[in-house]
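Accompanying notes for the structure given below.
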Amino acid sequence: MTSDALSVFKENQKKSWALFAPIEIFTTTAAAALVNFSGVKAGDKLLDVGCGTGVVAITAANRGAKSIGLDLSPDLVLRAKENAIIAGLDIHFEEGDVESLPYDDNTFDVVLSQFGHMFAPRPQVAIQEMTRVLKPKGILAFSTWPPDLYVGRLFGLVAKYSPAPEWVSPPSLWGEPAFIRQQLGDSFEKLIFNQGMMNFSALSFGHYRRSVETTIGPVLKLIHDNQQNPETIKQFRLELEDLFNDYYKNNAIEQHFLMSKANKK
Ligand SMILES: C[S@@+](CC[C@H](N)C(=O)[O-])C[C@H]1O[C@@H](n2cnc3c(N)ncnc32)[C@H](O)[C@@H]1O
């Protein structure tokens, strides 16, 4: 992989996630689950990696943490800043890449990531950076989508129609405990897991399809890249509808996710 290929990938990521803001209505409740699970305390210095519109950083700040949020997308950082103002909180949000964090070693008591760092193409680079900025004994906790559950299966479907370069690690590997254990290696102790659930409501498949095609980075990119291939888009939509129908009940999809937590040694 060349540095040009890496820059192109990051630019594409930045663009494809830019319209994610409406989904904060769903990730807001998941943020409370992650903050509860992590055991954040008032006064903790906390980093929210891949913060999007800031739901985790703001939830933690509401409980007295000194939050900072970082995200690849400037549009989402702007929205996060607005959210902090609406919440009456003073939180620093900035544009940045989890694979190259702009903070000194041993800065944070807690590093959290909700469905964020899992999208970095090189898991070892991302985890090394998150570990580096965490203080010894500090808490690392994150939420991720397992490959065999709804969102992981959705990403698998997207990858079939819009494959990433071969050097890009599939995001939902971060949803597997064995993979997480391997990535954390000897730098962490007391690794524990829990499960959470995010209800993704939709009035019909048409509403759901429109929502994910206009907000969820990898789906948005698939549709954008295949504007000239209507047959590919048609096939993708048929498979998406089948997957959706397997899970859709009472106007919503129950999206189960994995939460992981460990202490830096
Ligand atoms: C599914 S969204 C989650 C956003 C937010 N954490 C939430 O739960 O609402 C994924 C986020 O990861 C960000 N992201 C993807 N790759 C990143 C990277 N390399 N560094 C920082 N953020 C990244 C995207 O811009 C996007 O905001």
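The values are calculated or read from the model by the stated rules, or taken from the named source; none is laboratory data. Everything quoted here is computed from the prediction, not taken from an experiment. With ideal geometry, Cβ positions are generated from the backbone for all residues, glycine too; neighbour counts draw on all protein chains shown. These area figures cover heavy atoms from the full protein model, side chains too; ligands, DNA and RNA do not enter into them. Shrake-Rupley method; radii C 1.70, N 1.55, O 1.52, S 1.80 Å.
Data for the structure
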quantity: Share of Cα-Cα pairs in the range 208-265 lying beyond 12 Å, as whole percent; calculated: 75
quantity: Over the range 17-126: Rg over Rh, Cα atoms, Kirkwood Rh; calculated: 0.93
quantity: Distant-in-sequence amide H partners of Glu94 (H built 1.01 Å from N, under 5 Å); calculated: Gly69, Leu70, Asp71
quantity: Charge dipole magnitude, Cβ of K and R +1, D and E -1 - the chain, Cα centre, debye nearest 20; calculated: 540
quantity: Value of relative contact order over the range 108-265, rounded to a whole percent, pairs C-alpha under 8 Å and six or more apart; calculated: 37
quantity: Fraction of accessible area attributable to carbon and sulfur, the chain (%, probe 1.4 Å); calculated: 53
quantity: For the range 69-135, fraction of C-alpha pairs farther apart than 15 Å, in %; calculated: 55
quantity: Within a Gaussian network of the chain (alpha carbon springs, distance under 10 Å), most fluctuating of Ser113, Ser201, Ser73; calculated: Ser201
quantity: For the range 124-181: relative contact order, % (alpha-carbon pairs under 8 angstrom, 6 or more apart); calculated: 35
quantity: Area of Leu6 that stays accessible when all protein chains are in place (1.4 Å probe, Å², to 10); calculated: 30
quantity: Per residue, the convex hull volume that the Cα atoms of the range 31-75 enclose (Å³); calculated: 57
quantity: Global size of the range 120-236 as Cα Rg and Dmax, reported in angstrom; calculated: 17.0, 53
quantity: Overall Cα dimensions of the range 167-223, principal axis frame, Å, largest first; calculated: 46, 30, 13
quantity: Relative contact order, percent, the chain [alpha-carbon distance under 8 Å, six or more residues apart]; calculated: 21
quantity: Helix 24-38 axis, angle to the chain major axis (alpha carbon atoms, nearest 10°); calculated: 40
quantity: The range 89-152, dipole about Cα centre (Lys/Arg Cβ +1, Asp/Glu Cβ -1), debye to the nearest 20; calculated: 300
quantity: Heavy-atom accessible area ranking, 1.4 Å probe, most first, across Leu238, Leu173; calculated: Leu238, Leu173
quantity: Cα-Cα P(r), the chain, percent of pairs per 5 Å interval; calculated: 1, 6, 13, 18, 20, 18, 13, 7, 3, 1, 0
quantity: Exposure of Asp242 as accessible area (Å², to 10), given a probe of 1.4 Å and all protein chains; calculated: 100
quantity: Solvent-accessible heavy-atom area per residue, rounded to whole Å², over the chain at 1.4 Å; calculated: 46
quantity: GNM flexibility winner over the chain from Ala202, Ala120, Ala18 (Cα, springs under 10 Å); calculated: Ala202
quantity: Cleavage-rule hits, chymotrypsin sites (Phe, Trp or Tyr not before Pro), the range 159-249, DSSP coil, Cβ neighbours within 10 Å at most 14; calculated: Trp167
quantity: With eigenvalues of the C-alpha gyration tensor scaled by 5 and rooted, the range 116-180, Å; calculated: 24, 14, 8
quantity: Nearest 10 degrees, 0 to 90: helix 205-215 Cα axis against the chain principal axis; calculated: 50
